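Before any comments, here is the structure.
Nothing in this text is a laboratory measurement; each read-out follows from the coordinates by a stated rule. Just so it is clear, the structure is predicted and the values come from calculations on it, not from any experiment. Using ideal geometry, Cβ is built from the backbone for each residue, glycine included, and neighbour counts are taken over all protein chains shown.
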Amino acid sequence: MKNLKKLIFIFSVTLLFISCNDDESVLQIENSQILGTWNLTELTEDGTTTTSSQGFDISATFSAYGKNINAEVTFTENPNEFASSGSYISVLTTEILGQQTVQEVPINNFIGSGDWEINGNIMTSTANGEESTAEILELNESILKLKIIEEIETSFQGTVIKTKVTVNYTLTK
């Protein structure tokens, strides 16, 4: 009986180590998989903003989704460049101090143009001198899902604004 318990324990520990392998969760992307023109079909944003001034903090939450989407991005190779065109309306909901507002914001230049590279499942792009990274959540011959998390801090005349936003893009061919 003692040996059976020991055997079950060893089997359980071995199974635990085998099942905890996290290598399978990371997509390995080849540049050729991203090439071509992708149409933006869905986008969502969620985030928080904290404004600090003269010892007071005011926090807000926001979320947005795209509507009337007519935008695309084309990825080319040698050199690795992207160019986008089109527009959409961002329906932005903001809650601050218990008050909620909804506004529609026209976005006329989807993501601009620049350079790109892929390492594992991370796409790094540079546009207008600014670098951005996106996690590729899903990629096959007809769908590309990207997730971008950004933290931005700006200050002006003693007021500091900290924003954290998560943006999800769904593109299709």
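Per residue, how big is the convex hull around the C-alpha atoms of the stretch 31-172? Give it to me in cubic angstrom, could you? Mind dumping the intermediate values first?
Details: hull volume 16.8 nm³, N = 142.
About 118 Å³ per residue, rounded to a whole number.
Using a cut-off of 12 Å between alpha-carbon atoms, which aspartates and glutamates can reach K145, once sequence neighbours fewer than 8 places away in the same chain are excluded?
E42, E135
Net charge around P79, counting only other residues with Cβ within less than 14 Å of its Cβ (Lys, Arg = +1; Asp, Glu = -1)?
Spelling it out: positives minus negatives among the neighbours equals -4.
Count charges around T166 for me, please; just the other residues with Cβ under 12 Å from its Cβ, Lys/Arg as +1, Asp/Glu as -1.
Working: positive: K147, K164; negative: E45, D46, E135, E150, E151.
In short, -3.
One-quarter of the Cα convex hull surface for the stretch 49-128, in nm²? Mind dumping the intermediate values first?
On the way: hull surface 32.1 nm².
Its Cα hull, projected and averaged over all orientations, spans 8.0 nm².
Stretch T126-D57 to full length: gain in nm at 0.36 nm per residue minus the Cα-Cα span?
Details: separation 69, 0.36 × 69 = 24.84 nm, distance 3.27 nm.
Gain on extension, T126 to D57, equals 21.6 nm.
Could you give the distance between the Cα centres of the stretch 32-74 and the stretch 134-167, to the whole Å?
7
How far, in nm, would the chain grow between A83 and N39 when pulled straight, counting 0.36 nm per residue and subtracting the alpha carbon separation? Present the calculation step by step, with values, prior to reporting the outcome.
Working: separation 44, 0.36 × 44 = 15.84 nm, distance 1.21 nm.
Full-extension gain reported as 14.6 nm.
Using only the alpha carbons of the stretch 95-173, determine the length spanned along each of the three principal axes and report them from longest to shortest in whole angstroms.
45, 28, 24 Å, listed from the longest principal axis down.
Which whole-Hz couplings ³J(HN,Hα) result when phi for each residue of the stretch 41-51 is put into the Karplus expression 6.51 cos²θ - 1.76 cosθ + 1.60, θ = phi - 60°, listed in order with x for Gly and Pro?
Result, rounded to whole Hz: 10, 7, 8, 9, 9, 9, x, 9, 9, 10, 10.
In whole Hz and in residue order, list the ³J(HN,Hα) couplings for the stretch 61-68 that follow from phi through the Karplus curve 6.51 cos²θ - 1.76 cosθ + 1.60, θ = phi - 60°; x for Gly and Pro.
With the stated coefficients, the stretch 61-68 comes to 10, 8, 8, 8, 9, x, 9, 6 Hz.
List, in order, the whole-Hz ³J(HN,Hα) value for each residue of the stretch 97-110 obtained from phi through the Karplus relation with A = 6.51, B = -1.76, C = 1.60 and θ = phi - 60°; use x for Gly and Pro.
These are the phi-based 3J(HN,Hα) values: 6, x, 9, 10, 10, 10, 9, 9, 10, x, 10, 9, 10, 2 Hz.
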